Amino acid sequence: VQLQASGGGLVQAGGSLRLSCVVSGRTFSGYSMGWFRQAPGKEREFVAAISPNGGIISYVDSVKGRFAISRDNANNRVYLQMNSLKLEDTAVYYCAQSRLRYGVSRSLNEYDYWGQGTLVTVSS
């Protein structure tokens, strides 16, 4: 299974970015997906997750109302739309595929496959 994340970059505070992740090698629509991030010197943390059919979505409190996760099962893609970006959103963002066939999880341990990460840098 391979996950390829893209869309990161440098953006000013208040700006927007859209991350994309394409998955190959396993039935995409059968598993929940998540986005995580890791800032310099910090542990990797949960950002957002979406169930296999998109009916259940979860966000970490710090991004609620600013970020939106979505998925396109026909094209094996998951997205993270990030608006009103803040300096503290600076991190490497990772997409991941869970082993869950229903619902979502915030735990890194529930995710079997990870992308390589894409760097998001928010400047003042």
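The values are calculated or read from the model by the stated rules, or taken from the named source; none is laboratory data. In this text, all values refer to a predicted model and were calculated from it rather than measured experimentally. Methodologically, a virtual Cβ is constructed for each residue, glycine included, from the backbone with ideal geometry; neighbour enumeration extends over all protein chains shown. Heavy atoms of the whole protein, side chains included, go into the accessibility calculation; ligands, DNA and RNA do not. Shrake-Rupley method; radii C 1.70, N 1.55, O 1.52, S 1.80 Å.
Tabulated results
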read-out: Distance from the stretch 11-48 to the stretch 70-108 (C-alpha centre basis), Å; value: 4
read-out: Descending principal axes extents, the stretch 9-124, alpha-carbon based, whole Å; value: 40, 27, 25
read-out: Computed magnitude of the charge dipole of the chain (debye, nearest 20; Cβ of K, R +1, Cβ of D, E -1); value: 160
read-out: In Hz, Karplus ³J(HN,Hα) per residue of the stretch 18-29 (6.51, -1.76, 1.60; θ = phi - 60°; x = Gly, Pro); value: 10, 8, 10, 9, 9, 10, 9, x, 8, 4, 5, 6
read-out: GNM flexibility winner over the chain from ASN75, ASN109, ASN53 (Cα, springs under 10 Å); value: ASN109
read-out: Heavy-atom surface of the chain, accessible at 1.4 Å and reported per residue (Å²); value: 49
read-out: Fully extended contour minus Cα-Cα distance, from SER29 to ARG44, at 0.36 nm per residue; value: 2.9 nm
